[in-house]
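Asks: Quick one: this structure, given as structure tokens, is what I'll be asking you about.
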Amino acid sequence: MRFSSVLVVTYGRTGSTLLTGVLNTIPGVLVRGENQNMFAGLYQGLRRLRSTREHYADNAHCSTSPFFGTHRLCEQRYLAHARELARGQLVAGSPRHVTVYGFKETRYTRLQLAEDGVGALGPYLDFLAELFPSPAFVVLTRDHGDAAASSFWRRLGRDRACEQMRLFDEDVHQWAVGREDVLWLDYDDALAGPRPYGALFDFLHAFYDAGKIGHVLGTQHSDDNRRPTVTALPWPGAVTG
């Protein structure tokens, strides 16, 4: 593996639960499921720390100041504690040795980010790149109409759901320009051909276990994401690093 963490960035009903299962076939890798944008709170805290230092640190030395001690707030210490918390929450309790960890999240549309108090997607992904060690960002997409057909999107309606997906694609494309740690993966393309998810394993430089992947693909994942069994065939050029 050429990365130390893996973050799946997507929206609802793209096959992300299946993708998580595929990623977890890699020795030493543990990718957890959704957490309702749990790390958004850490992001908000860091933004407030930066803002407080920027605006009030100069007047924080005196104990009579309402912002006494603000100059002692430390961004790097905050990030160090946040990294320890993130790893502990995701890795704790795992029965296996974990060398690469991460999670998948679907709450990255503009509406959902606004609900979670995050704001723009790009700066939030920048924060996650600071929070997680040497991360790989796997951006999973799907035909908007196919995804919107799920009951997951019923509250928004098909047209609004497709618009949110389109804006997601646009926002991530803008953020990902020039980055070498981002892989775009389409749900249908990933399953096509004799070596499903092959591009993912090439990108990660990860071992491709055809038997384990075939088992994952033959198992139902999530509630309404059923697909016929796809058999992963052996690939002689699998990377073992």
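The values are calculated or read from the model by the stated rules, or taken from the named source; none is laboratory data. Everything numeric here is computed off the predicted structure, so don't read it as measured data. Every residue, glycine as well, gets a Cβ built from its backbone with ideal geometry; the counts of neighbours run over all protein chains shown. When the accessible area is computed, the model is the full protein with side chains, heavy atoms only, and any ligands, DNA or RNA have been set aside. Shrake-Rupley method; radii C 1.70, N 1.55, O 1.52, S 1.80 Å.
Asks: How high is the FRET efficiency between R72 and M38 when r is their beta carbon distance and R₀ equals 25 Å, given to the nearest 0.05? Before the final figure, lay out the partial values.
Replies: Numbers: r = 27 Å, r/R0 = 1.08.
Working from the Cβ atoms, E equals 0.40.
Asks: Something else: Cα axis of helix 121-131 to longest principal axis of the chain: angle in degrees, 0 to 90, nearest 10?
Replies: Helix 121-131 sits at roughly 80 degrees to that axis.
Asks: For the chain, give the percent of accessible area contributed by carbon and sulfur heavy atoms, probe 1.4 Å, rounded to a whole number. Could the numbers behind the result be given before it?
Replies: Working: 5970 of 11840 Å².
C and S atoms contribute 50 percent here.
Asks: If R0 is 35 Å, what FRET efficiency do you get for L111 and S65 from their C-beta distance, rounded to 0.05? Provide the component values of the computation, followed by the final result.
Replies: On the way: r = 40 Å, r/R0 = 1.14.
Efficiency, rounded to the nearest 0.05: 0.30.
Asks: How tilted is helix 75-91 with respect to the longest principal axis of the chain? Cα atoms for both, answer in degrees (0 to 90, nearest 10).
Replies: 30 degrees
Asks: Sticking with this structure for a sec: Sequence gap at least 6, Cα distance under 8 Å: using those rules, report the relative contact order of the range 125-186 to the nearest whole percent. Let's see the in-between values first.
Replies: On the way: 37 pairs, mean separation 32.2, N = 62.
Reported as a whole number, the value is 52 percent.
Asks: If you don't mind, there's one more thing I want to ask. Order 206-212, 179-185 from most to least packed using the mean count of other Cβ atoms within 10 Å. Each step should come with its number before you reach the end.
Replies: On the way: 206-212: 18.4, 179-185: 15.3.
Top to bottom by mean Cβ count within 10 Å: 206-212, 179-185.
Asks: Report, in degrees rounded to the nearest 10, the 0 to 90 angle that the Cα long axis of helix 158-176 makes with the longest principal axis of the chain.
Replies: 70 degrees
Asks: With r defined as the distance between the Cβ atoms of T99 and N24 and R0 fixed at 22 Å, what FRET efficiency is calculated, to the nearest 0.05?
Replies: On the way: r = 13 Å, r/R0 = 0.59.
Once rounded, the FRET efficiency stands at 0.95.
Asks: Which whole-number value in Å² is the accessible area per residue of the chain, probe 1.4 Å? If you can, show how the numbers build up before the last one.
Replies: Values: 11840 Å² over 241 residues.
Result: 49 Å² of accessible area for each residue.
Asks: Equivalent-ellipsoid semi-axes (√(5λ), Cα gyration tensor) for the chain, whole Å, largest first?
Replies: On the way: eigenvalues 259, 99, 42 Å².
Equivalent ellipsoid of the chain: 36, 22, 14 Å, largest first.
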